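Visitor: So that we are looking at the same thing, I have put the structure below in structure tokens.
Since every read-out is calculated from the coordinates, none of them should be taken as a lab result. None of these values were measured; they are calculated from a predicted model. Please note: Cβ atoms are built from the backbone with ideal geometry, for glycine as well, and neighbour counts cover all protein chains shown.
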Amino acid sequence: MQKNKTILSFPVIKAAVNSDVDAINAVLKRYEGYIARLSTRMLYDQNGNSYMVVDDEMRRRLETKLITKILTFKVA
């Protein structure tokens, strides 16, 4: 985990709330690691070997949920 990630600036957040596609993508980019971690699942093959994989459907659902929350966020 990286400790030196910077927080999103207020102008980026405000632009994302105002439906700016580039700003929304910046927010998604900032949280892509966290979303990938949340959507990681353990799968097993026919031999019983386990694999950690990112569930793409879950990842897309989490990204969609984040986007909808961004668009309904109220900025003072």
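Visitor: From K74, K14, grab the single residue that is of a type in the set (K, R) and exposed (fewer than 10 other Cβ atoms within 10 Å of the Cβ). Steps first, answer last, please.
Guide: Values: K14 fails: exposed (fewer than 10 other Cβ atoms within 10 Å of the Cβ).
Only one candidate qualifies: K74.
Visitor: Please go through the stretch 38-71 and pick out each residue that is loosely packed, with under 13 Cβ neighbours inside 10 Å, of a type in the set (D, E) and within 20 Å of the chain's Cα centre (by Cα).
Guide: Residues satisfying the conditions are D56, E57.
Visitor: I want to confirm something. Restricting to the stretch 31-61 and keeping residues that are aliphatic (A, V, I, L, M) and in contact with a Ser or Thr (Cβ under 6 Å, 6 or more places away or on another chain), which single residue is farthest from D20 (Cα to Cα)?
Guide: So the first thing to find is which residues in the stretch 31-61 are aliphatic (A, V, I, L, M), and the list is 35-36, 38, 42-43, 52-54, 58.
Keeping just the survivors that are in contact with a Ser or Thr (Cβ under 6 Å, 6 or more places away or on another chain) gives 42, 52, 54, 58.
Working: M42: 36, M52: 34, V54: 28, M58: 24 Å.
So, considering only residues that are aliphatic (A, V, I, L, M) and in contact with a Ser or Thr (Cβ under 6 Å, 6 or more places away or on another chain), the one farthest from D20 (Cα to Cα) is M42.
Visitor: State the number of residues belonging to the stretch 48-76 that are under 14 Å from R37 (Cα atoms) and assigned to a helix (DSSP H, G or I).
Guide: Count: 8.
Visitor: Continuing with this model, one more query. Do we have I35 as part of a helix (DSSP H, G or I), touching a residue at least 40 places away in the same chain (Cβ under 8 Å) and surrounded by 10 or more Cβ atoms within 10 Å (Cβ to Cβ) here? Show your work before the answer.
Guide: Values: part of a helix (DSSP H, G or I): yes; touching a residue at least 40 places away in the same chain (Cβ under 8 Å): no; surrounded by 10 or more Cβ atoms within 10 Å (Cβ to Cβ): yes.
In short, no.
Visitor: Could you check V21 against (1) exposed (fewer than 12 other Cβ atoms within 10 Å of the Cβ); (2) under 18 Å from A76 (Cα atoms); (3) of a type in the set (A, V, I, L, M) and say which number it fails?
Guide: Status for V21: all satisfied but (2).
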